[in-house]
Amino acid sequence: MSRSGCYHAVRPIEGYFHFHVSQLQGIKGARCSVPPLPRSFFSRSAMSIRLSFVTLIFAVAALGMPVKRDAAKVGQDIENLDEQAQALDASVNAFPNMGGTLTQVYGIHQAAVNMDKYIKTTTNDVNAIEGFSDDEGNSMLSLIKEGLAPDVKKGLDDLVAKKSALFALGADSITKADIDTLKEDSNAFKNAIVAKAPANLKNDFMEQFDAIINELANAANVYST
């Protein structure tokens, strides 16, 4: 027991203080004083708070800063989008003219959803660039004209050909809804890329996208009847 009548009521453990209340029981009038926390404890805590606050400020600022994209990224997006159009066509071709399953219907639906995600991603990346040169624009046009547009057309032609089989499973409504979504977001993609295209290429982009959107509209009409 200490001179104050407190038997080690407080002892440091790993820089903190642990109170042994049980040690005080039965000691009448025992009084214990808790040693003050060392000044270095407050210094370290304050420094930690300041660093955390500064980190938070930078994190919030980073969230508010637009992410820059370039024409090369958009070109890669278009190639990725073309792959999604091919994947959609593959899922349609995997669906038989008779005896299809709801699992296969879901596969078609999921492929359409994935393609739409890529359309939105590409649109966002187009909106994030200031513009692109004639060479960059011609490269994008080539990707669309020689890859994306014909692959979208083929996929939609195959989808139209499977209408009766999909209708038999009651999947015509969800198929039309997917086509409508692709059409709406393709139109947003068109508006974005035409706005950023050089003046002498705007009509070329409009022509390619109008053809794609018309194909989507025709397919939607087929599934409306």
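Worth a mention:
- Among residues of the range 87-134 being of a type in the set (Asp, Glu) and part of a helix (DSSP H, G or I), the one that is farthest from THR175 (Cα to Cα) is ASP134.
- Screening the range 113-143 for residues that are within 18 Å of ASP82 (Cα to Cα) and among the hydroxyl-bearing types (Ser, Thr, Tyr) and picking the one that is surrounded by the fewest Cβ atoms within 10 Å (Cβ to Cβ) gives SER142.
- Qualifying residue in the range 54-70 (condition: at pLDDT 95 or above, surrounded by fewer than 19 Cβ atoms within 10 Å (Cβ to Cβ) and more than 18 Å from the chain's Cα centre (by Cα)): no
- Filter result (free of Cβ contacts under 8 Å to residues at least 12 places away in the same chain and closer than 29 Å to THR103 by Cα) within the range 175-195: ALA177, GLU184
- The residues in the range 176-202 that are farther than 19 Å from GLU130 by Cα and more than 23 Å from the chain's Cα centre (by Cα) can be counted, and the count is 1.
- All conditions but one from (1) assigned to a helix (DSSP H, G or I); (2) surrounded by fewer than 17 Cβ atoms within 10 Å (Cβ to Cβ); (3) without any contact (Cβ under 8 Å) to a residue 24 or more places away in the chain apply to GLY170; the one that does not is (1).
- Only residues that are touching a residue at least 40 places away in the same chain (Cβ under 8 Å) and out of contact with any Leu (no Cβ under 6 Å at 6 or more places or on another chain) were counted across the range 196-208, and they come to 7.
- The range 81-106 - residue that is without any contact (Cβ under 8 Å) to a residue 40 or more places away in the chain and touching a Phe, Trp or Tyr at 6+ places or on another chain (Cβ under 8 Å) and, of those, surrounded by the fewest Cβ atoms within 10 Å (Cβ to Cβ): GLN104
The values are calculated or read from the model by the stated rules, or taken from the named source; none is laboratory data. Every value quoted in this text rests on a predicted model; they were computed, and no experiment measured them. Glycine gets a Cβ as well: all are built from the backbone with ideal geometry, and neighbour counts include every protein chain shown.
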